[in-house]
Amino acid sequence: MPTTAAPADALTLTSPELRATQLARLQWTVRHAYENVPLYRAKFDDAGVSPADIRSLDDVRLLPFTTKEDLRATYPFGMFAVPMADVRRIHASSGTTGRPTVVGYTAGDLDRWADLIARSLAAAGIRPGDRVHNAYGYGLFTGGLGAHAGIERLGATVIPMSGGQTARQVQLITDFQPTAILCTPSYLLTIADAIEEAGLDPHQTSLRVAVLGAEPWTNQMRQEIERRLNIDAVDIYGLSEVMGPGVASESALTKDGPHVWEDHFLPETIDGDTGTPLPDGEIGELVFTSLTKEAFPVIRYRTRDLTRLLPGTAYPTMRRIEKITGRNDDMIILRGVNLFPTQIEELVIGIESLTPHFVLELTREGRMDAMTVRIERHPDLEREVCEQAAQVLRQRIKVHIGTTVAVRVEEPGTLPRSEGKYKRVYDLRA
Ligand code: DLL
């Protein structure tokens, strides 16, 4: 960590003070990465840039990008910048193909992570003394253990539930009376269904707030969750490579997109095809440089997440990201039209007689790609009503997205339910 430590409460810094802190920390990070990680040294040398060239925050643009492929190429520990004996914890993200990416934390890194989660939970309106049901998965995934430490750091009570065992989740929510819940948005829907199936009213739980992330979700989904459970639903963002949950988090007062905790992470957006930096306000690929990480510094890490940077509101000196539309990799190209599952989610949730339980199936008919939205019908409504709603959905997709899809109404409870990150797209074309 740079010796120019920021004051304890970075949220009270003025903008110039924050920028000065960022610059000192950026200079420290770049030097630390260059001196201790051979891959960074080689990439900087190739690009003809040295740590001494970083004189302003904009100079970050002189540095080469880092990608998931770099992490894979140095698997498992090749990008650690401290001796293994100083690494207190390891996390890994599985990914669907290839090797997992492995990340490490020093004691100091874990300490700062807990602080940032505590800050994120406070932004969501959670207070010391609150009881927090943590249903993010424990283990190599950063969600469970990451959130756990922050809940304790805040001075709240943690119920370390992890994901899965949904009936048990309902039981413990009923018995332990938590005021807050942490899980993926799709899993909270699963839990809400299970509460109903247990003959209870989701409106009447002790829950007051949910801090949801680890997958894309729309403002429409927020409204659906808030309506069903009578809670505030707040967005938390992060990724393992950059730290885990708590890189950015939303204020319950404004609910207008996560604030990036800029005293620890420098965000940029770039054109994903050319790598050209974009001005704030333009949608592109989100890129992060860590400013305080010891074990696993990241320089201009390309997240593949698509969003734009917006001015701070609840925390005026820290920029926000707009709710993430999706990842580059999630983009579906259907007969020349680009679309994200979140666009379908927005349209689905606007139609009363449909449930939010849907998956997208991609198939090939002859030489043409086709997509079917398989969506569960509402258990309380006639099939015919739901079939009509399905035609409305089909029409809206045609109008708003510009592509023709099939919509198939499925029986209640027949589609897979989320227990963590939900698998929304099934590509059956291969
Ligand atoms: O999902 C960390 C996390 C845990 C965040 C719990 C929030 C809550 P990974 O498994 O490495 O880490 O996956 C990171 O998930 O690049 C995004 O594509 C997606 N993601 C995470 N949070 C959000 C969010 C964790 N709030 C990847 N909105 C990221 C949209 C999100 N996408």
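The values are calculated or read from the model by the stated rules, or taken from the named source; none is laboratory data. Everything quoted here is computed from the prediction, not taken from an experiment. For neighbour counting, all protein chains shown are included, and Cβ atoms are generated from backbone atoms with ideal geometry for every residue, glycine included. Heavy atoms of the whole protein, side chains included, go into the accessibility calculation; ligands, DNA and RNA do not. Shrake-Rupley method; radii C 1.70, N 1.55, O 1.52, S 1.80 Å.
Remark: the chain carries 42 Å² of accessible area per residue (probe radius 1.4 Å; ligands, DNA and RNA excluded). Computed from the C-beta positions of residue 254 and residue 99 and an R0 of 30 Å, the FRET efficiency is 0.15 to the nearest 0.05.
Could you tell me the relative contact order of the chain? Use alpha-carbon pairs under 8 Å, at least six residues apart, and round to a whole percent.
The value is 14 percent.
Label-to-label distance, residue 75 versus residue 337, with points set 7 angstrom from Cα along the beta-carbon direction: 3.7 nm. When you restrict to C-alpha pairs under 8 Å that are six or more residues apart and normalise by the size of the stretch 270-312, the relative contact order lands at 39 percent. On full extension, the segment bounded by residue 39 and residue 61 gains 6.1 nm, given 0.36 nm per residue less the C-alpha separation. Can you give the FRET efficiency for residue 53 and residue 140, using 1/(1 + (r/R0)^6), R0 = 41 Å, r = Cβ-Cβ distance, to the nearest 0.05? Efficiency for this residue pair is about 0.65. Using the Cβ-Cβ distance between residue 396 and residue 196 with R0 set to 25 Å, the FRET efficiency from 1/(1 + (r/R0)^6) comes to roughly 0.40. Extension gain, residue 204-residue 328: 0.36 nm per intervening residue step, less the Cα-Cα distance, totals 40.7 nm. Residue by residue, the stretch 142-148 carries 3J(HN,Hα) couplings of 6, x, x, 5, x, 5, 3 Hz when phi is fed to the Karplus relation 6.51 cos²θ - 1.76 cosθ + 1.60 (θ = phi - 60°); x denotes Gly or Pro. Taking label points 7 Å from Cα along the Cα-to-Cβ direction, residue 382 and residue 411 give a separation of 2.0 nm. Ellipsoid semi-axes for the chain, based on the Cα gyration tensor and the rule √(5λ), read 37, 26, 19 Å when sorted largest first.
The accessible surface of the chain, taken with every protein chain in place and a 1.4 Å probe, is 51 percent carbon and sulfur.
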